[in-house]
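As structure tokens, the structure follows; a few thoughts come after it.
The values are calculated or read from the model by the stated rules, or taken from the named source; none is laboratory data. Given the structure is predicted, the values throughout are model-derived calculations rather than measurements. All Cβ positions, glycine included, derive from the backbone under ideal geometry; neighbour counts span all protein chains shown.
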Amino acid sequence: MARYTGPITRKSRRLRIDLVGGDQAFEKRPYPPGQHGRARIKESEYLLQLQEKQKARFTYGVMEKQFRRYYEEAVRQPGKTGEELLKILESRLDNVIYRAGLARTRRMARQLVSHGHFSVNGVHVNVPSYRVSQYDIIDIRDKSLDTVPFQIARETVGDRPIPSWLQVVGEHQRILIHQLPERVQIEVPLIEQLIVEYYSK
């Protein structure tokens, strides 16, 4: 299955969640698109589980096959499966760049990583799904520091709260990973237990 590249606001309305963050078009019409978008639809247990899984997938920009692999990895972890799944998703490099305020959206963060703007522990990384670990250090590469996206990021620092499990340091915007996040530190409007139930069938 190819990555979804269509209108993200339409997908937000379908899933009833702002997948972008600050999407004014979604805020004006926070109901499904189409002629019967405002109609009340009786939602089955399966539909609720499917929608929650889709919310998580599109929030983090992950394809179905990869999402399933993340779930299977979470099952093998000693903690609660749903919480472990969210920790895995949060530890993706593109998400960390977004959380650190260096990109307005996860889509933009994915693009910045793919274009080779970052190094992790001194090693060039251009894979958005790269998983960070505790004590990792993420740097903007020297050649990228003065490009427009990072100039804007410096000007807008503080506009969005940065989670406590990471820190952005100095004018070069170095990112320090103090720890991987606990569930209480992950601010996404998801009911992860519904995702577990979906895959447990």
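Of the numbered conditions (1) surrounded by fewer than 18 Cβ atoms within 10 Å (Cβ to Cβ); (2) without any contact (Cβ under 8 Å) to a residue 40 or more places away in the chain; (3) within 30 Å of residue 48 (Cβ to Cβ), residue 189 satisfies every one except a single condition; which is it?
Failing condition for residue 189: (2).
As an exercise: evaluate residue 147 against (1) in contact with a Pro (Cβ under 8 Å, 6 or more places away or on another chain); (2) farther than 24 Å from residue 186 by Cβ and give the number of the one condition it does not meet.
Every listed condition holds for residue 147 apart from (1).
Would you be able to say whether some residue in region 95-113 is under 29 Å from residue 47 (Cβ atoms), in contact with a helix residue (DSSP H, G or I) (Cβ under 8 Å, 6 or more places away or on another chain) and part of a strand (DSSP E or B)?
The answer is no; no qualifying residue exists.
Here is a check on your reading of the model: is residue 157 farther than 17 Å from residue 131 by Cβ, surrounded by 13 or more Cβ atoms within 10 Å (Cβ to Cβ), touching a strand residue (DSSP E or B) at 6+ places or on another chain (Cβ under 9 Å) and modelled with pLDDT under 90?
For residue 157, the condition - farther than 17 Å from residue 131 by Cβ, surrounded by 13 or more Cβ atoms within 10 Å (Cβ to Cβ), touching a strand residue (DSSP E or B) at 6+ places or on another chain (Cβ under 9 Å) and modelled with pLDDT under 90 - is met.
Applying the selection to region 115-134, what residues are over 22 Å from the mean Cα position of the chain (by Cα) and outside any loop (DSSP other than H, G, I, E, B)?
Within region 115-134, just 123 meets the criteria.
Considering each residue of region 56-80, count those that are assigned to a helix (DSSP H, G or I), under 13 Å from residue 193 (Cβ atoms) and out of contact with any Ser or Thr (no Cβ under 9 Å at 6 or more places or on another chain), and give that number.
Counting residues in region 56-80 that are assigned to a helix (DSSP H, G or I), under 13 Å from residue 193 (Cβ atoms) and out of contact with any Ser or Thr (no Cβ under 9 Å at 6 or more places or on another chain) gives 1.
Restricting attention to region 93-102, does a residue exist that is surrounded by fewer than 16 Cβ atoms within 10 Å (Cβ to Cβ) and of a type outside the set (A, V, I, L, M)?
no
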